[in-house]
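Down below is the structure, laid out as structure tokens.
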Amino acid sequence: MKFHYSTYRIKLRYPFTIARSSHDYYDIIYVYLTENGVTGIGEAAPSNRYGESFEQIIEWVSGDRFKILPEFEPLDSFIKKLHSRCSEIRSLKAAFDIAAHDLWGKLNDISLCHHFHANPDDTPITSFTIGIDNLDVIKQKIVEAKPYPVLKVKLGTDYDQDIITEIRNLTDKPIRVDANEGWNLEQAQRMCDWLSKQNIEFVEQPLSADQLEDMVVLKGSSPLKLLADESCLSSEDIPSLGEAFHGINIKLMKSGGLREAYKMIQLAKESGLEIMLGCMIESSVAVTAATHLSPLVDYADLDGNILIENDPFTGVTLKKGKLILPNTPGLGVQIREESNENIRD
Ligand SMILES: [Mg+2]
């Protein structure tokens with residue numbers, strides 16, 4: 001078993017602005033695991049919201065920790081052993097988990113959705129994210145979002161109602177709102193009441209993740225469903241969320257990969273929580289990985305790869321917003337032939 005990594009700067013079509021931050025680009029890390037001449041690829045898209053950084057991961061993977069790797073089979077124990085070398089860097093755990101699954105699928109000639117008992121015909125429609133911007137740019141983005149039947153709108157500004165009013169003047173498509181912890185309880189109560197009259201499907205993470213008690217109060221009065229994102233990282237968080245939210249947003253970069261995300265799906269279903277699969281700003285490697293689990297969930301917000309302009313890989317595609325999985329073993333991602341970036345395979 002051999003390991004190497006490469007780095008890549010993904011550039012956004014529009015600066016990506018949410019309630020707490022704004023970015024023109026993100027630096028990501030690809031990890032590669034090679035066994036018997038076959039290579040699996042994974043991606044880490046670290047988020048400083050969770051105390052992670054690109055530099056931290058480079059320091060971690062460039063040391064001796066991954067020079068000698070454990071036996072590849074069985075897959076589960078291989079992933080567990082690699083994770084024990086990742087400290088609590090969840091996006092790095094996700095990268096190794098994705099690469100190990102990709103390699104395992106290729107070696108066993110099986111597409112990952114089948115490994116997770118997911119029917120590729122049952123993939124959901126993904127929402128398309130409209131980041132925070134001035135109203136003129138938002139108008140332009142709505143025009144460009146024509147191919148996507150469901151919108152996810154970022155709020156948490158002092159002109160939230162203007163944003164929704166502007167969008168509603170242009171389209172009656174279903175809208176999901178994500179406040180990214182940008183409101184307090186009183187604002188959230190007011191906004192949920194107002195939004196419930198604007199054909200909004202649900203609201204994601206209205207309050208800060210540490211305000212779980214206020215979330216219980218909000219759930220008691222909100223006419224709209226409430227989904228946990230920043231409040232829900234891994235399966236350990238799920239038991240405490242039922243009173244405060246109607247559902248959860250699972251992301252591989254928070255869970256540490258497919259294995260834990262699959263466990264979260266089972267647990268959320270048992271707990272009566274709705275499930276969305278989401279992503280960070282990621283390339284097609286990580287977004288395709290999450291898509292393999294998407295037939296098992298209620299909603300998808302898997303658009304990170306279409307918000308960037310220099311994706312070096314191809315994988316999942318869209319047909320009228322519906323996620324379409326590649327029908328090849330493992331993840332089914334390929335490096336773009338026209339990509340002249342320095343990505344090794
Ligand atoms: Mg979110």
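The values are calculated or read from the model by the stated rules, or taken from the named source; none is laboratory data. Every value quoted in this text rests on a predicted model; they were computed, and no experiment measured them. Note that each Cβ is placed from the backbone with ideal geometry, even for glycine, and that neighbours are counted across all protein chains shown. SASA here: full protein model, heavy atoms, side chains in, ligands and nucleic acids out. Shrake-Rupley method; radii C 1.70, N 1.55, O 1.52, S 1.80 Å.
Assorted remarks:
- Computed over region 2-110, the ratio Rg/Rh where both radii use C-alpha atoms and Rh is Kirkwood: 1.01
- For region 2-110, the Cβ-based charge dipole about the Cα centre amounts to some 280 debye (Lys, Arg positive; Asp, Glu negative; other atoms uncharged).
- Over all orientations, region 73-116 has a Cα convex hull whose mean projected area works out to 3.0 square nanometres.
- Charge sum, other residues only, whose C-beta stays under 13 Å from H115's C-beta, Lys/Arg counted +1 and Asp/Glu -1: -2
- Solvent exposure ordering (accessible area, 1.4 Å, most first) of M280, M215: M280, M215
- Note on region 1-87: dipole from Cβ charges, positive end direction compared against S77, Y25, V38; the farthest Cα belongs to Y25.
- Pairwise FRET efficiency - S339 versus N169, Cβ, R0 = 35 Å, nearest 0.05: 0.35
- Among the protein heavy atoms, those of S240 account for about 70 Å² of accessible surface (1.4 Å probe, every chain in place).
- Hydrodynamic radius of region 171-292 by the Kirkwood approach over all distinct alpha-carbon pairs: 14.7 Å.
- The chain - accessible surface per residue (Å², probe 1.4 Å): 42 Å²
- Take the convex hull of the alpha carbons in region 115-335; its mean projected area over all directions comes to 11.6 nm².
- Accessible carbon and sulfur surface of the chain relative to its total accessible area, %, 1.4 Å: 46 percent
- Exposure rank, largest accessible area first [Y50, Y8; 1.4 Å]: Y50, Y8
- Look at the alpha carbon pairs under 8 Å that are at least 6 residues apart: their mean separation over the length of region 115-335 gives a relative contact order of 20 percent.
- The dipole here belongs to region 149-256: it is taken about the Cα centre, uses +1 on the Cβ of Lys and Arg and -1 on the Cβ of Asp and Glu, and is about 500 debye.
- The share of C-alpha pairs in region 234-345 whose separation exceeds 18 Å stands at 51 percent.
- A Cβ-based charge dipole, computed about the Cα centre of the chain with Lys and Arg at +1 and Asp and Glu at -1, lands at about 540 debye.
- Based on every Cα atom in region 21-79, Rg and the maximum pairwise Cα distance Dmax equal 14.2, 43 Å.
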